[in-house]
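J.: After the structure tokens below, expect a handful of questions from me.
Any read-out appearing in this document is the output of simple, stated calculations on the displayed coordinates, not a laboratory observation. Not measured: the values here are computed from a predicted model. As a convention, Cβ positions derive from the backbone with ideal geometry for all residues, glycine included, and neighbour counts pool all protein chains shown.
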Amino acid sequence: MNQLLKLRRQVRLESTNMLCEIEQFLGAGGQGEVYKANLNGKPVALKWYFPQQATPEQQAALDMIIRRGSPDDKFLWPLGLAFLQNINGFGYLMSLREPRFKGIADLMRRRIEPSFRALATAGLELSHSFLQLHSKGLCYRDISFGNVFFDPDTGEIRICDNDNVTVDGEATGGILGTPRFMAPEVVRGEARPSIQTDLFSLAVLLFYM
């Protein structure tokens, strides 16, 4: 696979003009690629968008999310926009997920065996974190297996892919959700993602857990 960015290249963090060095390719998804990077001695994650996803609308959405700030410390929230000199496109930096956090898919495939206490803690933390997000007038749009991680020993959670967050009632395009987690009215094309449809998706996720 041809990676978008070369290792050891430096990207510039817009808010501070600090340089961040790319160290390792971690993986790719539907919107872009994720790298491990070093920001002034601190390990961080860099998401870099595919050219077709690096739109002015996405950049404006990221600006809004960064300005509003994270609802709580469970979200791996965008820290700042990142750019490369003489190269079109952009990405953003976020905290790097620690290896102790495992995906809900690992739970479904029996790769991990958390205690009931850990699962209950994870469910409570998920519910509280999305309550904090919604209390800021924001909706997540894509609650599913792929965006939530938890520590099977403690139940502590992390929520990623927060660049899809938008102001409730203003989701006019882009992400609609993940099949099996989407509210029926979204599937039928009768509604756009909102706080209310987030609650449906969260209920499905908690049921699987």
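J.: Taking DSSP loops as anything outside H, G, I, E and B, show the longest stretch in the chain free of GluC sites (Glu not before Pro) there with at most 13 other beta carbons within 10 Å.
T.: 1-169
J.: Going through the cross-link list Lys6/Lys74; Lys36/Lys136; Lys36/Lys102; Lys47/Lys74, which pairs have a Cα-Cα distance over 27 Å in this structure?
T.: From Lys6/Lys74; Lys36/Lys136; Lys36/Lys102; Lys47/Lys74, over 27 Å: Lys6/Lys74; Lys36/Lys136.
J.: Taking the chain as the reference, fit the longest principal axis to its C-alpha atoms, fit the long axis of helix 56-68 to the helix C-alpha atoms, and give the angle between the two in degrees, 0 to 90, nearest 10.
T.: Taking Cα atoms only, the helix is inclined about 70 degrees.
J.: If you don't mind, another one. What list do you get for Asp73, Asp106 if you sort them by fewest beta carbons within 10 Å?
T.: Listing Asp73, Asp106 from fewest to most nearby Cβ atoms yields Asp73, Asp106.
J.: Obtain the nm distance between the two label points defined at Glu190 and Leu119 by a simple spin-label model: each point lies 7 Å from its Cα along the Cα-to-C-beta direction.
T.: 3.3 nm
J.: In addition: Among Gln24, Gln132, Gln52, which one moves the most in a GNM of the chain with springs linking Cα atoms closer than 10 Å?
T.: Gln52
J.: Could you calculate, for region 47-165, the ratio of the Cα radius of gyration to the Kirkwood radius, expressed as Rg to Rh?
T.: A ratio of 1.02.
J.: Any chance you could tell me what percent of the C-alpha pair distances in the chain go past 30 Å?
T.: Tail of the P(r) past 30 Å holds 23 percent of the pairs.
J.: Please give the residues of region 136-171, grouped as numeric ranges, whose backbone N is less than 18 Å from a label point set 7 Å along the Cα-to-Cβ vector of Arg109.
T.: 144-152
J.: At 7 Å along the Cα-to-beta-carbon direction for both Gln24 and Arg100, put a label point, then send me their distance in nm to one decimal.
T.: Spacing of the two 7 Å Cα→Cβ label points: 1.8 nm.
J.: So, one more: Can you give me the distance in nm between label points at Arg8 and Asn88, each placed 7 Å from the Cα along the Cα-to-Cβ direction?
T.: A separation of 2.8 nm, rounded to one decimal place.
J.: With n ≥ 4 as the cut-off for DSSP H runs, can you work out [θ] at 222 nm for the chain, using -39500 (n - 2.57) per run divided by the number of residues, rounded to the nearest 500?
T.: The helix-only estimate for the chain comes to -8000 deg cm²/dmol at 222 nm.
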